[in-house]
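Okay, structure first, notes after.
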Amino acid sequence: DAQAQTADALSRIYRKGSISFGGLKDPGFQMKRLEIGGCLNAAELLSICTLLEITRRAKAYSRENRDDLPADSLDVLFAGLEPLTPLLEEIRRCILAEDEISDDASPALHSVRRTIRNINDKIHGAMNNLLNSSTTRSYLQDAVITMRNGRYCLPVKAEYKGQVPGMIHDQSSTGSTLFIEPMAIIKLNNELRELELKEQKEIEMILAALSTELVPYIEPITTDFEILTKLDFIFAKAALALSLIHI
């Protein structure tokens, strides 16, 4: 019964300290999406990952110093937890943060990102050559590289627009500066844009693959959440009892 569970939780806290269930979020909405063939985003996958990490931590806590102790009313709850460690580690390997997918999440992503870095280096090399040319610099409002609409541009004084061949992407509010993408790097910028779209597509494929891997485990993940919620409540009551004992 509830009293026995609170007493057993208190007894465990006395023996090996308390356990935290912080960061636990209901995965119900994500599980429903997976059931109908939907795909989870990086933040949602990380949220499932956190749930599995809390499960793993709770499972480890339940095993500590249990060899020489009689069974208690919490054993059955802890026994029902499934940390799904390989799944958890695969998500962690691929997703570093909500907005950061690891280069090593797939060979294709690794390759496309390496090419993006090479193209970026070429663009910066070509732009720096223009900046370092005293002729070009005299046409510029500032000796800086700027971004307009995701394209690398130079801030050219309006009266010299004919001296820097390229595509005009924007102008300053006064109209005295034009942001021109030099002809020399239009092709590189186009390549970069294509590669960025390719990168995005590859990331979507990685997230879709991870979502598919979760589908067979919808039930254990849901059960983990239900058990952790119960344990959280039981240990919260035990912590309250402990604080009252020490008043």
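When we screen 117, 93 for residues that are closer than 29 Å to residue 221 by Cβ, out of contact with any Cys (no Cβ under 9 Å at 6 or more places or on another chain), open to solvent by 30 Å² or more (accessible area, probe 1.4 Å) and not β-branched (Val, Ile, Thr), the only hit is 93.
Of everything listed in (1) in a helix (DSSP H, G or I); (2) more than 30 Å from residue 114 (Cβ to Cβ), the single unmet condition for residue 49 is (2).
Just one of 210, 178 is at pLDDT 95 or above, in a helix (DSSP H, G or I) and touching a helix residue (DSSP H, G or I) at 6+ places or on another chain (Cβ under 9 Å); which is it? Exactly one of 210, 178 is at pLDDT 95 or above, in a helix (DSSP H, G or I) and touching a helix residue (DSSP H, G or I) at 6+ places or on another chain (Cβ under 9 Å), namely 210. Exactly one residue out of 188, 178, 210, 244 is farther than 20 Å from residue 58 by Cβ, of a type in the set (A, V, I, L, M) and under 25 Å from the mean Cα position of the chain (by Cα): that is 210. Within region 161-168, at least one residue is open to solvent by 80 Å² or more (accessible area, probe 1.4 Å) and among the aliphatic types (A, V, I, L, M). Taken over region 147-158, the criterion of being farther than 19 Å from residue 129 by Cβ and assigned to a strand (DSSP E or B) is satisfied by 148, 157. Name the residues in region 60-79 that are open to solvent by less than 30 Å² (accessible area, probe 1.4 Å) and closer than 23 Å to residue 218 by Cα, would you? Result: 77, 78.
In a helix (DSSP H, G or I) and loosely packed, with under 14 Cβ neighbours inside 10 Å: which single residue out of 215, 144 fits that description?
Only one candidate qualifies: 215.
The residue of region 15-31 that is most open to solvent (accessible area, probe 1.4 Å), among those that are in contact (Cβ under 8 Å) with a residue 60 or more places away in the chain and assigned to a helix (DSSP H, G or I), is 28.
A single member of 99, 103 is free of Cβ contacts under 8 Å to residues at least 40 places away in the same chain, within 30 Å of residue 33 (Cβ to Cβ) and either of a type outside the set (S, T, N, Q) or in contact with a helix residue (DSSP H, G or I) (Cβ under 7 Å, 6 or more places away or on another chain) (or both), and it is 103.
Residue 57 satisfies every condition listed in (1) outside any helix (DSSP H, G or I); (2) open to solvent by 50 Å² or more (accessible area, probe 1.4 Å); (3) closer than 30 Å to residue 209 by Cβ; (4) not hydroxyl-bearing (Ser, Thr, Tyr) except (1). One residue stands out in region 96-114 among those that are in a helix (DSSP H, G or I) and among the hydrophobic types (A, V, I, L, M, F, W, C): the one that is most open to solvent (accessible area, probe 1.4 Å), namely 108.
The values are calculated or read from the model by the stated rules, or taken from the named source; none is laboratory data. Note that the structure is a prediction, hence the values are computed from the model and not measured. FYI the Cβ positions are ideal-geometry reconstructions off the backbone, even for glycines, and counts take in every protein chain you see. Accessible surface areas use protein heavy atoms only, side chains included; no ligands, DNA or RNA. Shrake-Rupley method; radii C 1.70, N 1.55, O 1.52, S 1.80 Å.
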